[in-house]
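Novice: There's a structure below that I have some questions on.
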Amino acid sequence: TVPFTNNVGERAVRMPKVKQKISGCFRTLAGAEHFCVIRSCLGTLRKQGHSMLAVLQRAFAGNPIPLIA
């Protein structure tokens, strides 16, 4: 059941690298950490089959979907 390639891992790292290239850098280490936590949570919820629009709407309404580990 192990995937043949590491595409999932590469996709997880690609977005922070693109953001870093476009803006030049993250302004603070805390900002980079927050960015990675948000991306990780969204990726986990996407894998669990949740709609990203619904996830974000609930998060901004103060009723986030709990992550299932």
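The values are calculated or read from the model by the stated rules, or taken from the named source; none is laboratory data. From a predicted model like this one, the values you see are computed outputs, not experimental measurements. Counting neighbours? That spans all protein chains shown, and the Cβs are built from the backbone with ideal geometry, glycine included. For accessibility, only protein heavy atoms count, side chains too; no ligands or nucleic acids. Shrake-Rupley method; radii C 1.70, N 1.55, O 1.52, S 1.80 Å.
Novice: Just to be sure I understand, how many residues within the range 27-69 are hydrophobic (A, V, I, L, M, F, W, C) and surrounded by 13 or more Cβ atoms within 10 Å (Cβ to Cβ)?
Specialist: First, pick out the residues of the range 27-69 that are hydrophobic (A, V, I, L, M, F, W, C): 29-30, 32, 35-38, 41-42, 45, 52-56, 59-61, 65, 67-69.
Among the residues that remain, those that are also surrounded by 13 or more Cβ atoms within 10 Å (Cβ to Cβ) are: 32, 35-36, 41-42, 45, 55-56, 59, 65.
Residues that pass the stated criteria total 10.
Novice: Can you list residue pairs whose Cβ atoms sit under 8 Å apart, with the first residue in the range 43-55 being among the hydroxyl-bearing types (Ser, Thr, Tyr) and the second being open to solvent by 70 Å² or more (accessible area, probe 1.4 Å)? Count only pairs 6 or more apart in sequence or on different chains.
Specialist: Thr44/Leu67
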